[in-house]
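For reference, the structure is listed below as structure tokens.
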Amino acid sequence: MAQYGSRLADNGYAVIPIMPGSKVPGRHHVGQWTPYPDWARHCDRTTKPFEVDIWQRWPGCGVGIACGSVVGIDIDVLDAALSIQIGELAAQMLGDTPCWRVGRAPKRMLVYRAERPFAGRKRHPLELLARGQQFVAYAVHPDTGQPYAWPESNPLDVPLDRLPVVDEAACLAFLEAAWQLIPDEIRVNSILADAPTSAWRGPSDPKGTREAIAAALAWLPNDDLPGNEWITVGAAIKAALGEDGRDLWLDWSRQSRKSGQSGRADTPERRWASLRPHSVGAGKIYWLAEQRGWVPDPALTLNGTVAEQMAQQHPAAALLAKAEATPLPPPPEPKPYRVPPELLQLDGALGQFVDYATGSAVSPQPFLALGAAICLVAALAGRRYRTPTDLRSNIYAIGIADSGGGKDHARRCVKRVLYAAGLDRYLGGEDLASSAGLLTSLQRHPARLFQVDEFGQFLKLVLAPRAPAHKAAIWAELTKLYTSAAEPYIGAEYADQKARPRVTIEQPCACLWGVTVPGPFWQALEGGALADGSIARFLVFLTDEDYPERVETPAGREPPADLVAAVQAIARGVPGHSHGGNLADAMESSAPIHAYTVPLSPDAEATMAAVRREATELLRAHRGTYATALFGRYAENAAKLAMIAAISRDPARPVTEARDVTWAAKLVEHCIGTLLQEAERRVADNDTEANHKRVLEIIRSAGTITRNALVRRTQFLSKREREEIFEALVDGELVARTVNRTATKPVVLFTFCNTPFDDPGGNSSA
């Protein structure tokens, strides 16, 4: 995965992790590999860069490709001449694909692109791998012990959009024609043999409905099936329908030419009485029918337990939503660290502030200016606005850039804007010295922006295992405040109420913009802050250029009048809206406040619903990894940012539009993605991993470095540790070691491998 995953994803393929020594999608958690039961959801979307970053940490992880946009023609034939003949037939009927894979020769699999995703088919020993299935692209074949080979071109060199396009009708026609070439002795009449590893085992409730079971059975041939398969279907029918399924079983059984040949006309009846269903049910029958192209009629009720169906949709009903195949999405643009330019194309106060902060800077950092702008607008909108789901505008964000990279300029611009607008009361202290000080500040003014320099050092201190109690208390209060924006914050009770009265703040909106250099920030995360959700509340703005080109004659430092007017309008809120109290007291902590609900346009509603579904898919796909804490805030942060964009554009009558939601989701995805990418490089779970990453980062930064220079820069290691790490990096193909012959003595060089240096399309036997 470390070698091939990112390149495949950049080429448009849906990548999935494969367990070592198998063909099965898997997940690695707590030091163990387990099957990945929900991998099929990757069939209907492109792979995100941060997913590959997670998977490449998993030891021995192979690379699979999820079918949907991709179609595989699997020729499971050991007769070399016949295998070649079927391959030539595919070239004639479907097009000559440059990508074909060999696992156990002469078996082969041909790779195509689907015009529109469709269901696969099996005519053993041939199989059409399509939506809901997968194949291994790069791994070691479990039977041969050799890597899978791509004798000609391979998906690393051929993007998805360059593969020949096929449709369902053409593939079915080919499958039928190829089947005619298969000798009878290697044909298998089976509905169960060689089922894909993604076989759906059905819901916990095995019950189905008679109409749905009958419709599914019509797609299951019963031509001389082996006895065990006949019994499996019977057990599934009985589990699904009980005695009501008896006549369906008898009718289906009588389709076989074997029926009645045993001399006992009542064999199906006698077998029915003896069937003891256990692990099969309606789901098994539905899944078998799905594999043969069955798509349930929308009018069918699939789940026999009506109450459960109303509470939770039957898993097979997902086919209904997928029945209308979506057009093939374009392959994603590679975006390892670069900020997508569309994130900076803003209007309203956000765009005005970014222009001001960028134009007045000696070292312009537009992305960091965007982070500061969001926090500024968020604080001004605090307690004035809310989403329809009662989310508020409180935002925590961190800007990361190297020393001297211009990370502080946007912070200074925020102060200038607020003072120019007469809104300096929205500024909190620049040093979080104590939890009491934090709460006192919010008591005076419940909507505040705290701008903290050297925030990485602060994080290291508060997240340390033995953090001072008063510093740990600050972090605890920040966590509590984040979730209290829509309700009264009620502080701790103390015995001496006169000396330490209980703090109550009505709907506090604490916003935080912290800036830091990279080192302390990544060190702070090594204590488990990624996994436990400590950092999930923060949007991380990582600059894509630590040292931008200097501007010798920047624009004036004074904020432009239109920007000042824009922030004043946000602070005023919606004209005529009653916040519950008189205007003068509206922002006092003791006064209940009724925020204005920013509506969503119909298109924005649909877009937001898609974002929420995407968030759920990401959580399911990465269950058991540290990434879930970040994905848990994905939809929430997107909703907040979309509202902030709408307020920035029109604070008097804001309406969240679809473009706001799209922008917000892209921004959140980018922040999460870059965080995970950098964490993969820098954050370690233990000292051994930390040392490996430190050495790798030295080589990465240098590109190529001599052994002598590397030894001098790794004096923090013992000789034995150093040699073990060098060997591990070379063995893992993360680093290439070469020897240059000179007139005096050989020079050993280490080169960072940002792309594989071996030949992925080599003709190794498989």
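Every number in this text was worked out from the coordinates using simple rules, so none of it is lab data. Remember, it's a predicted structure, so these values are computed and weren't measured experimentally. Backbone-built Cβ (ideal geometry, glycine too); neighbour counts: all protein chains shown.
Side notes on the structure shown:
- Peptides 61-68, 404-411, ordered by how many other C-beta atoms sit within 10 Å of their residues on average, highest first, read 61-68, 404-411.
- Remark: Thr483, Thr232, Thr674, Thr706 ranked as Thr483, Thr706, Thr232, Thr674, counting other beta-carbon atoms within 10 Å and listing the fewest first.
- Taking other C-beta atoms within 10 angstrom as a stand-in for reagent exposure, His42, His29 fall in the order His29, His42, fewest first.
- Cβ-derived FRET efficiency at R0 60 Å, Lys666 paired with Thr738, nearest 0.05: 0.90
- Cα→Cβ-extended label distance, 7 Å offset, between Arg412 and Ser434, nm: 3.2
- The range 32-80: translational diffusion in µm²/s, Stokes-Einstein, Kirkwood Rh over Cα pairs, 25 °C, 0.890 mPa s: 184
- Among the listed pairs Lys693/Lys719; Lys238/Lys284; Lys480/Lys640; Lys48/Lys666; Lys640/Lys666; Lys122/Lys284, none has a Cα-Cα distance over 22 Å.
- Couplings 3J(HN,Hα) for the range 156-163, derived from phi with the Karplus relation 6.51 cos²θ - 1.76 cosθ + 1.60 (θ = phi - 60°), are 5, 9, 10, x, 3, 6, 9, 6 Hz, where x marks Gly and Pro.
- Neighbour-count ranking [beta-carbon atoms within 10 angstrom, fewest first] of Met643, Met1: Met1, Met643
- Applied to the range 549-554, the Karplus parametrisation 6.51 cos²θ - 1.76 cosθ + 1.60 on θ = phi - 60° returns per-residue 3J(HN,Hα) values of 4, 6, 10, 6, 10, x Hz, with x for Gly and Pro.
- Within straight-line cross-link reach of Lys415, aspartates and glutamates at Cα separation under 13 Å, skipping those fewer than 8 residues along the same chain: Asp424, Glu430, Glu558
- Farthest toward positive dipole pole in the range 687-752 [+1 Lys/Arg, -1 Asp/Glu at C-beta], among Leu749, Leu729, Phe716: Leu749
- Rg and Dmax of the range 5-186, both derived from C-alpha coordinates alone, stand at 15.9, 49 Å.
- Taking amide H positions as modeled 1.01 Å from N, with prolines and chain starts lacking one, the residues under 5 Å from Arg123 and 5 or more places away or on another chain are Leu128.
- Table column - 3J(HN,Hα) (Hz), the range 358-364, Karplus curve with 6.51, -1.76, 1.60, x for Gly and Pro: 6, x, 9, 9, 6, 10, x
- In whole angstrom, the range 687-752 maps to an equivalent ellipsoid with semi-axes of 20, 13, 11, each derived as √(5λ) from the alpha carbon gyration tensor and ordered largest first.
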